[in-house]
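Trainee: This is the structure I want to talk about, given as C-alpha cells.
The values are calculated or read from the model by the stated rules, or taken from the named source; none is laboratory data. Quantities reported herein were computed from a predicted structural model and do not represent experimental measurements. When we count neighbours, we look across all protein chains shown, and the Cβ atoms used for this are built from the backbone with ideal geometry, even at glycine. Quick note on the areas: whole protein, heavy atoms, side chains included, nothing else; ligands and nucleic acids left out. Shrake-Rupley method; radii C 1.70, N 1.55, O 1.52, S 1.80 Å.
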Amino acid sequence: MAPKSVSGKLIGVGLGPGDPELLTIKAVRTIRAARVIAYPAPDDGHSFARSIAAEFMPRQAIELPIVIPIYDQRFPAAEIYDQAQQEIEGILNGGTDVVVLCQGDPLFYGSFMYLLARFAGRHEVDIVPGVTSLTACAAVAASPLCGRTSSLTVLTGTMNNQLLERKLGEGGSFAIVKIGRHLARVRQVLRELGMLEDSTYVSHATLPSQRMMPLADAPEDAPYFSTILVPGRFDLHGSTQA
C-alpha cells in the first residue's frame with residue numbers, strides 16, 4: 001500500500017559510536033528540527049543514544065523511550081517493537097515525523113532494523129547513516145581494515161567455536177564485534193589459529209572510557225560494546241603489484 005501523502009515520515013538517525021562530535025551535519029540538522037524523538041533506553045539507567053544527541057535535541061520535542069530490558073535472558077524483542085510501532089504509527093498517521101536515534105549506524109547491527117521491517121511500505125522512511133563502531137575502532141587502533149583486493153569479514157563473539165574457526169580460516173581481515181563475556185573463548189580460538197599476536201582489542205571507542213590494547217592483554221570482563229580487530233596480510237606501501 002502506497003504511503004498516504006498526509007503521513008509523517010519515520011527517520012532513523014545514526015549517532016556514531018559515542019562522541020557527539022562524530023555526528024554528521026545532516027544528523028544534527030535532523031535532530032534539531034525534530035518534533036518527536038524516539039530512542040532505545042534500558043529499563044534501568046539512562047539511554048546512551050539519548051546522551052549522544054542530548055545537546056542537539058529541542059527542549060519542546062516529545063520524547064518516546066523504547067524501553068528494552070537489560071538482562072542475560074532473551075527479551076521479548078517482538079513485543080517491545082510491536083508496542084513501539086503502535087505508538088509511532090499513531091503519530092505518523094497524524095502527519096508528524098518521528099526521528100529515531102540509533103547508536104552507530106541504523107543498519108549496522110542497529111535495532112532500527114526492527115522498526116524498518118514494520119514500517120517499510122506503510123510509511124515513508126528516511127535513514128541518515130552514522131559512523132560505525134567498526135570504523136571508530138579502526139581509527140582508535142590506527143589499524144587499516146582492508147586494502148586493495150583484500151576482504152573484510154565482520155563476525156560476532158556470539159558465534160560458536162566451530163563456526164568462528166571456519167570463518168577465520170577463510171583469510172582476509174576480520175572484525176569481531178559483540179565480545180563481552182565471550183572474550184576469553186574468542187581469544188583462545190585466535191590463539192589456537194596463530195592469530196592472537198596481531199589482534200587488537202578496543203572498547204568504548206571515542207568515549208572517555210575508551211580502551212585499546214593488544215588482545216593478549218585485554219581483560220576478561222570485557223563490555224558488550226567491545227571489538228577485536230584482526231588485520232589481514234596486505235600491502236601498506238602502495239605497491240602497484242596485483
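Trainee: When the convex hull of the C-alpha atoms of the range 142-204 is computed, what volume per residue in Å³ does it have?
Mentor: Cα convex hull per residue, to the nearest whole number: 89 Å³.
Trainee: I want to check the label-to-label distance for Val154 and Glu170. Put each point 7 Å from Cα in the C-beta direction and report it in nm to one decimal.
Mentor: Rounded to a tenth, the inter-label distance reads 1.4 nm.
Trainee: Right, here's the next one. Any idea how far apart Arg35 and Ile62 come out in nm if each label point goes 7 Å out from Cα toward Cβ?
Mentor: 0.9 nm
Trainee: A further question on this structure: Whole number please: convex hull volume per residue of the Cα set in the range 71-225, in Å³?
Mentor: Spelled out: Cα convex hull of the range 71-225, divided by residues, is 156 Å³.
Trainee: Still on this structure: Pull out the extension gain between Gln86 and Asp217, defined as 0.36 nm times the separation in residues minus the alpha carbon to alpha carbon distance; nm, one decimal.
Mentor: Between Gln86 and Asp217, full extension yields an extra 42.5 nm.
Trainee: What percentage of the solvent-accessible surface of the chain, computed with a 1.4 Å probe over protein heavy atoms, is contributed by carbon and sulfur atoms?
Mentor: 51 percent
Trainee: Another question about this same structure. What's the lysine pair count for the chain at a Cα cut-off below 30 Å, pairs eight or more apart or interchain?
Mentor: Final tally of qualifying lysine pairs is 4.
Trainee: Taking 0.36 nm per residue of separation and subtracting the Cα-Cα distance, what length does fully extending Ser209 through Tyr224 add?
Mentor: 4.0 nm
Trainee: For a label point 7 Å from the Cα of Leu163 along Cα→C-beta, name the residues of the range 106-138 whose backbone N is under 16 Å from it.
Mentor: Under 16 Å, as judged by backbone N against the label point of Leu163, lie 109 of the range 106-138.
Trainee: Please give the contour-minus-distance gain from Leu193 to Asn93: 0.36 nm per residue of separation, less the Cα-Cα distance, rounded to one decimal in nm.
Mentor: Going from the current span to full extension adds 30.6 nm.
Trainee: Continuing with this model, one more query. Which listed residue (Thr158, Ala84, Thr24) has the Cα farthest towards the positive end of the charge dipole for the chain, taking +1 on Lys and Arg C-beta and -1 on Asp and Glu C-beta about the Cα centre?
Mentor: Of the listed residues, the answer is Thr24.
Trainee: What distance in nm separates the simple spin-label points at Ile25 and Ala54, each placed 7 Å from Cα in the Cβ direction?
Mentor: Label at Ile25, label at Ala54, 2.7 nm between them.
Trainee: Just the accessible area per residue of the chain, please: how many Å² with a 1.4 Å probe?
Mentor: That works out to 55 Å² per residue.
Trainee: Counting pairs of Cα atoms in the range 138-242, how many percent are more than 17 Å apart?
Mentor: In whole percent, the share of Cα-Cα pairs in the range 138-242 beyond 17 Å is 50.
Trainee: Quick check: Cα centre of the range 87-106 to Cα centre of the range 147-184, how many Å?
Mentor: The range 87-106 and the range 147-184 have Cα centres separated by 33 Å.
Trainee: Another one. Could you pull the Rg and Dmax for the range 1-153, using just the Cα atoms, both in Å?
Mentor: Expressed in Å, the Cα Rg and Dmax of the range 1-153 come to 16.3, 50.
Trainee: Go through Arg50, Arg187, Arg118 and list them by solvent-accessible area, largest first, probe radius 1.4 Å.
Mentor: Arg50, Arg118, Arg187
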